[in-house]
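Here the structure is laid out as structure tokens; the discussion comes afterwards.
Here, each number is a calculation from the coordinates, and none is a lab measurement. Model, not experiment: these values are computed from the prediction. So basically every Cβ, Gly included, is an ideal-geometry build from the backbone, and we count neighbours across all protein chains shown.
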Amino acid sequence: MPAGGEGELTLSVKMRVSPEPEQQQAILDLMRRYRDALNYSVRAIIASRALSLTKAHKLLYNDLKERYGLPSRAALDCFREAIAIAKSWLRNPRRGDMPTARSCFIAGDRWLVYKL
């Protein structure tokens, strides 16, 4: 069966929105916590060689939710991104310093929505 059902047409709209002033600080705070959690996750994954989703989940999920206060979906996205960063760094034969995220961002798919 085709996506969206037989004979149905779906319209998607892409637009940029600006957060309300009271939400802007909450979004920036979430982005900073995500960056800090990502750096922590990369270090933990490299140290323990937890390169699978199952191992990383057992190692990090509760820490990311409790220590960094990330929503569930953000915690999952965080350690998924950390696994990708750790794998690419470990597979690089000429690797330098351990990778760190310096700018604030949130990785995820284009349909990403976090409840603040």
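Points to keep in mind about this one:
- For segment 45-56, backbone phi angles converted through the Karplus equation (6.51, -1.76, 1.60; θ = phi - 60°) give residue-by-residue couplings of 5, 5, 5, 9, 6, 8, 8, 9, 4, 5, 5, 5 Hz, Gly and Pro being listed as x.
- Gain on full extension, evaluated as 0.36 nm per residue between Ile27 and Arg49 minus their Cα-Cα distance, stands at 4.8 nm.
- Each of the peptides 49-62, 70-83, 26-39, 89-102 was scored by the mean count of other Cβ atoms within 10 Å over its residues; in descending order, highest first, they stand as 70-83, 26-39, 49-62, 89-102.
- The amide H of Ala101, built 1.01 Å from its N in the peptide plane, has Asn39 as neighbours under 5 Å, considering only residues 5 or more places off or on other chains.
- Normalised by residue number, the volume inside the convex hull of the Cα atoms of segment 1-98 is 189 Å³ per residue.
- Separation of the Tyr61 and Phe105 label points, Cα + 7 Å toward Cβ, nm: 2.6
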